[in-house]
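The values are calculated or read from the model by the stated rules, or taken from the named source; none is laboratory data. Quantities reported herein were computed from a predicted structural model and do not represent experimental measurements. Quick reminder, even Gly has a Cβ in these numbers, built from the backbone with ideal geometry, and neighbours come from all protein chains shown. Only protein heavy atoms, including side chains, enter the accessible area calculation; ligands, DNA and RNA are left aside. Shrake-Rupley method; radii C 1.70, N 1.55, O 1.52, S 1.80 Å.
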Amino acid sequence: MADAKEPLLPRKSSVSTSGAAAVAASRRPLFQGMDFLGLKKRGQGLRSWIRVDATTGNSQVIEVDKFTMMRRCDLPARDLRLLDPLFVYPSTILGREKAIVVNLEQIRCIITADEVLLLNSLDSYVLQYVVELQRRIAVHSADASAASPDYLPFEFRALEVALDAACTFLDGQAAELEIEAYPLLDELTSKISTLNLERVRRLKSRLVALTRRVQKVRDEIEQLMDDDGDMAEMYLTEKKRRMESSFYGDQSLNGFGSTGGGLSVSAPVSPVSSPPESRRLEKTFSLCRSRHESMKSSDSTMENIEELEMLLEAYFVVIDSTLNKLTSLKEYIDDTEDFINIQLDNVRNQLIQFELLLTTATFVVAIFGVVAGIFGMNFEIALFDKPSAFEWVLIITGVCGIIIFCSFLWFFKYKRLMPL
């Protein structure tokens, strides 16, 4: 019986061994040899940023990943995507709750009330932006004691430097294009060749691309000037000051409510009785303070909207002047193309007129061929026996040909097909 029962009993050791192997196989990764931790680190996307402090103007290079930057500046991922140098996005200026996202040509930065975070680059315009911003911060710190009527918050000064750099960059490219374009177009009008036409074609392609970029910057500035809400959203210093004042005001009210009136904490309060004097005073003070702050903030916001509008209007005039230069250059290119087309049409008309004259002369000469073919037939006529018959045939045929040719010329002149 023991021998019969032994095979029926399960083998615990084999089952446990196979179960452990199955668990180990289930825990084994599907894709062996791949470093998922390294992939996660690479996916974080550390980028080098230049940080410029708003108070001291000191700059430092920091490396921050995308998610840290989103939490630091309270920005969505789509706004940071606009600053990605791997993608080409049109010029954009976005006002957010705690930051201004600026993407103007070579300048890609995030402006807050305390700092400017600029994508680190070896471009000369980026370095010039940092140097110019530091210079203006130093000038502002030196003149901080004097109440200047031209005072601008830090974010507006940083935005002004970005607009200045972008407008200077675009105006420089427009000036280079003008210097290259006008001699080339003059050369093309004097000598039409395939090489000159190809150079003008490349020049026009560059002009169209530059005009599109300048137009986008101009439209962005104009859109900001037309929307008071966007301009008010960009006043970060006022929003920061308002948040700090409300925070400290709430703390003072809480302290006043907890210590005011000399009331005992353990004293019973009837639910049907009127509120104590301290609570009435607290509510009245809070209401008056909120009204005063709202009126003051609205007045200051309107004033700073006017300041920002004047700033944007100044650079709108600059970028509009650059756009007018490019428009004039495009009109000059179009005029040159029209002149070349007129020249080509004139040459084509001359060729058609020459072909018409040649066809008419060929028709007159064909008359001589017809006469020669008639007299060359193999039959006897009495005209062949006269010695002067050949001369008379030539004279009569030539006179008829000249009359026919002159008739065609008169017809062409009458129909104004040929200037004769």
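Structure data summary
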quantity	calculated
Other-chain or far-sequence residues with amide H under 5 Å of ASN120's (modelled H)	SER48, TRP49, ILE50
Mean Cβ count within 10 Å, highest first, over the residues of peptides 326-333, 231-238, 153-160	153-160, 231-238, 326-333
Whole-Hz couplings from phi, Karplus 6.51/-1.76/1.60, listed for the stretch 170-176; x for Gly and Pro	5, 5, x, 5, 5, 5, 4
Only Lys, Arg (+1) and Asp, Glu (-1) charged, at Cβ; the stretch 140-246 dipole about Cα centre in debye	620 debye
Percent accessible area from carbon and sulfur atoms, the stretch 204-244, protein chains only, probe 1.4 Å	48 percent
Per-peptide average of other Cβ atoms within 10 Å, ordering 368-381, 166-179, 109-122 highest first	109-122, 166-179, 368-381
Solvent-accessible heavy-atom area per residue, rounded to whole Å², over the stretch 70-178 at 1.4 Å	46 Å²
Cα-Cα over 26 Å, subset of LYS66/LYS240; LYS98/LYS325; LYS66/LYS98; LYS191/LYS330	LYS98/LYS325
Amide proton proximity set for GLU115, modelled H, under 5 Å, gap of 5+	ALA54
